[in-house]
Amino acid sequence: MYANLETDNTLYVFMHAEQVYTGSESYDSCSIIGETTIENIYLHICKIDIKSIIIDFDEIKKEKNGVTWMGKIIQHCKEKDINLTLCRIEKGLLGALKLEESLKIYYDADFRKKDNGNGTVNIVCSDSPIYSLTNEIIYNLYEQKLIERMNEHGSRYIIEREANQQYSHSSNVNLPKYINIKAFIEEKELSFLGLYLLYKKSKQLKLFNDRYNQPLLFFSSMAGAYLASVFSKLASIDMVFLNHLGPKKKLYRELHKEQLLADKDYLIISDVVCLGAEIERAKTLIEYAGGKLKGILSIVLVDVVSNRPNKEKEINKISLLNLTADKNPFGYQIITDFNNIKN
């Protein structure tokens with residue numbers, strides 16, 4: 001299961017994400033949910049002890065052979081006394097999946113339906129309050145989970161550096177804490193869902209809505225290569241790489257201007273964007289080739305200065321976790337020799 005998020009004894013399941021990553025059916029669009037995906041969700045639910053389950057159908061338009069397994073999910077929740085909420089269901093899916101028929105069999109009249117007013121409905125079973133699920137709620141839940149994992153005892157996400165290892169060659173500052181994105185990559189369920197949500201955030205900002213003029217995805221590091229390989233499949237866009245632009249400012253792949261196409265839009269994907277020196281070098285190369293930088297994607301974005309002039313005109317910056325001076329849950333630091341100097 002790459003589409004679940006568990007918090008506060010509640011399991012959130014995102015149908016579309018699971019179909020994207022594990023659907024084995026040969027469908028033209030991941031918006032068609034298949035029996036294999038629903039079966040995977042059912043088998044996962046049967047293995048865990050949980051109080052509430054919320055299944056999000058956002059972006060699922062049609063179904064194929066999924067009626068039986070949806071019925072099994074509903075039956076299991078009733079028998080185990082699990083609060084069940086089905087969110088953002090296309091109205092056409094109600095009949096196609098025979099949801100109301102299954103609910104009437106197992107819940108009788110003990111379920112409520114709420115029309116969301118946009119062609120979708122929410123269904124809440126038992127005594128749970130009607131639950132409203134939005135992308136923003138999902139992003140916030142995921143961010144909380146990511147912070148929780150980073151702060152766990154023994155976590156490899158945050159590494160305290162020795163004094164002689166703190167210097168950053170790319171930005172001429174000391175960074176006592178290292179954000180280890182390799183730990184994020186290795187935790188597949190967390191990273192796959194995170195990249196899916198990064199894709200959804202980018203889609204909301206219409207960064208790749210024109211199918212005839214899709215941007216290219218630019219990366220310049222090994223971690224960036226992994227992130228780009230997953231993200232490019234989600235967004236159906238091509239990749240460009242230069243290995244690498246940092247941290248010691250040495251370009252290991254000879255640059256030919258033809259590798260970067262003129263009159264193309266670009267998205268840069270990186271693991272952690274701190275002071276942005278590597279991003280600026282990448283932006284310079286893209287613009288030198290005649291391209292345009294449309295957005296910057298990252299797992300962690302450190303917003304060092306909040307009162308920048310013309311901030312509203314900046315390039316879109318999309319991240320899973322945005323660190324600021326006011327929101328710094330694991331004490332990230334940027335140190336220079338001027339830190340303790342006072343006027």
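Note on the range 77-157: percent of Cα-Cα distances in each 10 Å bin, starting at 0 and stopping at the bin with the largest distance, equals 16, 37, 25, 16, 7. Rounded to the nearest 20, the Cβ-based charge dipole of the chain about its Cα centre (Lys and Arg +1, Asp and Glu -1) stands at 900 debye. In a GNM of the chain with a 10 Å cut-off on Cα contacts, which of Lys182, Lys47, Lys317 has the highest mean-square fluctuation? Ranking Lys182, Lys47, Lys317 by mean-square fluctuation puts Lys47 first. Here is how the number arises for the chain: DSSP H runs of 4 or more residues each give -39500 (n - 2.57), the sum is divided by the residue count, and the result at 222 nm is -10500 deg cm²/dmol.
On a per residue basis, the range 177-246 carries 43 Å² of accessible surface, using protein heavy atoms and a 1.4 Å probe. Each of Asp81 and Lys62 was given a label point 7 Å from its Cα along the Cα-to-Cβ line. The distance between the two points is 4.2 nm.
Rounded to a whole number, what % of the accessible area of the chain do carbon and sulfur atoms account for, probe 1.4 Å?
Values: 8220 of 17710 Å².
Solvent-exposed carbon and sulfur of the chain make up 46 percent of the total.
Modelled this way, with points 7 Å down the Cα-to-C-beta line, the labels at Thr284 and Tyr139 are 3.1 nm from one another.
Considering only the chain, what is the antiparallel percent among its DSSP beta bridges, to the nearest 5? Spell out each step's value before the answer.
Values: 19 of 53 bridges.
Of those bridges, close to 35 percent are antiparallel.
State the percent of C-alpha pairs, over all pairs in the range 1-90, separated by a distance greater than 21 angstrom. Don't skip to the answer; put the middle values down first.
Details: 887 of 4005 pairs.
Percentage above 21 Å: 22.
In degrees, nearest 10, range 0 to 90: what is the angle between the Cα axis of helix 277-288 and the longest Cα principal axis of the chain? So the inclination is approximately 90 degrees. The modelled label-to-label distance between Ile315 and Lys177, using points 7 Å beyond Cα along the C-beta direction, is 2.7 nm.
Between helix 35-47 and the chain, what is the angle of the helix's C-alpha long axis to the longest principal axis, kept within 0 to 90° and rounded to the nearest 10? The helix 35-47 is inclined about 90 degrees to the chain.
Ranked from largest, the principal axis spans of the Cα set of the chain equal 70, 46, 34 Å. Between Ala325 and Glu152, the C-beta separation translates, for a Förster distance of 22 Å, into a calculated FRET efficiency of about 0.40.
Run through the DSSP bridge list for the range 9-130 and note the antiparallel percent, rounded to the nearest 5. Write out the running numbers ahead of the final one.
Details: 9 of 22 bridges.
The answer is about 40 percent antiparallel.
The values are calculated or read from the model by the stated rules, or taken from the named source; none is laboratory data. Source: prediction; values computed, not measured. Here Cβ is always computed from backbone atoms with ideal geometry, including for glycine, and neighbour counts include all displayed protein chains. Side chains included, ligands, DNA and RNA excluded: accessible areas come from the protein's heavy atoms. Shrake-Rupley method; radii C 1.70, N 1.55, O 1.52, S 1.80 Å.
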